[in-house]
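Visitor: First the structure, then my questions, so here it is.
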Amino acid sequence: MLEHFCECYSDLSGLILCPVLGSITPLFIPNSRIRPIRLIGLCASLITFLYPPVFRIQFDPSTAKSQFVESLRWLPYENINFYLGIDGISLFFVILTTFLIPICISVGWSGMRSYGKEYITASLIREFLMITVFCMLDPLLFYVLPESVPIPMLCGAEHPLFTGRRLFLCRGLVQ
């Protein structure tokens, strides 16, 4: 029974698309209805959290090769492929990411009065980008995607000076 379940839900694309769909859904809900926006964001992040244990069950630690590999020709004239896979280290970071995002959404639960839709959308887009960074096997996209992770953090900033400080701190800590 468990083997059949794992065969049906083992694709990396589903893990990556779940936060994307969760971040698009609140855009169709009015700002005055903050409770459904919060619940949709939390449910999307919790559903995303349920994906990695399936990968952990099927993961073979005896090999050093990337597993659950998916490839899609993205820009064929430039030889850029959307090439995804998981190895042992990236599996740990994907599990950690999907564990921390629901906690981040829950921590900001009471403070989501005026910018709740933006907070949920930015959190889920950040989760999508971080999971994609950890699963990306194409060298070009592997180096381009980490640069896009701080963008949701900077969106909606009211003061450009604080935005610059946040970007400086984020880039300084990463490099």
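The values are calculated or read from the model by the stated rules, or taken from the named source; none is laboratory data. It should be emphasised that the depicted structure is a prediction, and the values quoted were computed from it without experimental measurement. Reconstructed Cβ throughout: ideal geometry from the backbone, glycine too, with neighbour counts over all protein chains shown. Ligands, DNA and RNA are stripped out before the accessible areas are found, and what is left, the full protein with its side chains, is counted by its heavy atoms. Shrake-Rupley method; radii C 1.70, N 1.55, O 1.52, S 1.80 Å.
Visitor: Mind checking the full-extension length gain between Ile80 and Phe92? Use 0.36 nm per residue of separation minus the Cα-Cα distance, one decimal, nm. Please list the in-between numbers first.
Guide: Numbers: separation 12, 0.36 × 12 = 4.32 nm, distance 2.62 nm.
Here the answer is 1.7 nm.
Visitor: For the stretch 59-126, what does the accessible surface come to per residue with a 1.4 Å probe? Please give it in Å². Before the final figure, lay out the partial values.
Guide: Working: 4080 Å² over 68 residues.
Here the residues of the stretch 59-126 average 60 Å² of exposed surface.
Visitor: Another question about this same structure. Roughly what would the spin-label model give for Ser71 and Leu27, points 7 Å off Cα along C-beta, in nm?
Guide: 3.2 nm
Visitor: Could you go through the stretch 16-31 in sequence order and give the Karplus-derived ³J(HN,Hα) for each residue, using 6.51 cos²θ - 1.76 cosθ + 1.60 with θ = phi - 60°, rounded to whole Hz, and x for Gly and Pro?
Guide: 7, 7, 4, x, 5, 5, x, 7, 7, 4, x, 5, 9, 10, x, 4
Visitor: For the stretch 59-102, what does the relative contact order come out to in percent, with C-alpha contacts under 8 Å and a separation of six or more?
Guide: Worked out over the stretch 59-102, it gives 32 percent.
Visitor: Still on this structure, please answer the following. Fully extended, how many nm does the chain gain between Tyr115 and Ser62 (0.36 nm per residue separation, minus their Cα-Cα distance)? Working shown, then result.
Guide: Values: separation 53, 0.36 × 53 = 19.08 nm, distance 4.65 nm.
Gain on extension, Tyr115 to Ser62, equals 14.4 nm.
Visitor: Using per-residue counts of other Cβ atoms within 10 Å, averaged over each peptide, order 124-135, 30-41, 60-71, 95-106 from highest down.
Guide: 124-135, 95-106, 30-41, 60-71
Visitor: Also: In sequence order, what are the phi-derived ³J(HN,Hα) couplings for the stretch 51-57 according to the Karplus relation 6.51 cos²θ - 1.76 cosθ + 1.60 with θ = phi - 60°, rounded to whole Hz, with x for glycine and proline?
Guide: Listing the rounded values in order: 5, x, x, 5, 5, 5, 5 Hz.
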